[in-house]
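Visitor: Shown below is the structure under consideration.
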Amino acid sequence: MLISCRKESDANFLEVSIAGKTYRGESLIDDIIGEGGKVLCDQKAGVESFAGEMETTEFRFDTYLYHYLVDTVFQKSVPGTYEAANLNLEGFEGFCNLDLKVSFKDKLPIDDFGVLQTVNRSHSVSGIKKYSDTEDNTVYLVTGKFTCTFMTSVNKIFSVTGKYQTSIRTAK
């Protein structure tokens, strides 16, 4: 029997459905700041934060969430529709606050990265909740869902749907 002192709603998680199967992974909330030094599409300081990964013998799927670095700027963020973009082909340029960067690799029969298709892709943030606050930074829990379609170099199509909750840290 596993006993936990944390609430279920306090876990980071990534849940994805691919080819009729659903996979879910969880991790503890952390306050690690993502890769900073970025400038978002509106020229404000930004961070790329790891939002979760799912890996099996058949595939690998990664997600990263972009957000404002400075807390007073991030506080103005609201739930809504944001971009889902391909991790493998697009650089940091052009990403905006709360955009989701995704990557898919088909491992069968060979490692083959999928290219995110421009149709059937969406990303929405459904919740932003302050989780903890210190003198130097604030941790938020961001929840959302996404749908995307990838095509591999051998024209295999993969539709991926999912939802997530991830912790992000902003600086004061």
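Visitor: I'm trying to understand the selection: among the residues of the stretch 152-172, which are charged (D, E, K, R) and within 10 Å of the chain's Cα centre (by Cα)?
Guide: Looking only at the stretch 152-172, we keep the residues that are charged (D, E, K, R), and these are 156, 163, 169, 172.
The answer is 163, and nothing else.
Visitor: Among (1) in a strand (DSSP E or B); (2) surrounded by 18 or more Cβ atoms within 10 Å (Cβ to Cβ), there is one condition residue 97 misses while meeting the rest; what is its number?
Guide: (1)
Visitor: Please go through the stretch 26-56 and pick out each residue that is loosely packed, with under 14 Cβ neighbours inside 10 Å and modelled with pLDDT of 90 or more.
Guide: 42, 43, 55, 56, listed by residue number.
Visitor: If the Cβ limit is 9 Å and pairs must be 6+ apart or interchain, which residue in the stretch 135-161 that is charged (D, E, K, R) pairs with which residue that is not in a strand (DSSP E or B)?
Guide: Correct list of pairs: 135/172; 136/172; 156/114.
Visitor: Tell me, which residue of the stretch 116-150 that is assigned to a strand (DSSP E or B) and exposed (fewer than 15 other Cβ atoms within 10 Å of the Cβ) is farthest from the chain's Cα centre (by Cα)? Quick ask: steps written out before the conclusion?
Guide: So the first thing to find is which residues in the stretch 116-150 are assigned to a strand (DSSP E or B), and the list is 116, 122-133, 137-150.
Then drop every residue that is not exposed (fewer than 15 other Cβ atoms within 10 Å of the Cβ), which leaves 122, 126-127, 129-130, 132-133.
Values: 122: 12, 126: 13, 127: 13, 129: 16, 130: 18, 132: 20, 133: 22 Å.
Among residues in the stretch 116-150 that are assigned to a strand (DSSP E or B) and exposed (fewer than 15 other Cβ atoms within 10 Å of the Cβ), the one farthest from the chain's Cα centre (by Cα) is 133.
Visitor: Answer yes if at least one residue in the stretch 80-88 is under 20 Å from residue 40 (Cβ atoms), surrounded by 15 or more Cβ atoms within 10 Å (Cβ to Cβ), of a type outside the set (A, V, I, L, M) and modelled with pLDDT of 85 or more, and no otherwise.
Guide: yes
Visitor: Now for a different question. Quick check on the stretch 67-74. Is at least one of its residues at pLDDT below 90, part of a strand (DSSP E or B), over 13 Å from the mean Cα position of the chain (by Cα) and surrounded by 15 or more Cβ atoms within 10 Å (Cβ to Cβ)?
Guide: Applying the first criterion (at pLDDT below 90) to the stretch 67-74 yields none.
No, the stretch 67-74 contains no residue that is at pLDDT below 90, part of a strand (DSSP E or B), over 13 Å from the mean Cα position of the chain (by Cα) and surrounded by 15 or more Cβ atoms within 10 Å (Cβ to Cβ).
Visitor: Determine, yes or no, whether residue 81 is under 20 Å from residue 162 (Cβ atoms) and in contact with a Lys or Arg (Cβ under 8 Å, 6 or more places away or on another chain). Steps first, please.
Guide: Details: under 20 Å from residue 162 (Cβ atoms): yes; in contact with a Lys or Arg (Cβ under 8 Å, 6 or more places away or on another chain): no.
In short, no.
The values are calculated or read from the model by the stated rules, or taken from the named source; none is laboratory data. Keep in mind that what you see is a predicted model, and the values were worked out from it rather than measured. Glycine gets a Cβ as well: all are built from the backbone with ideal geometry, and neighbour counts include every protein chain shown.
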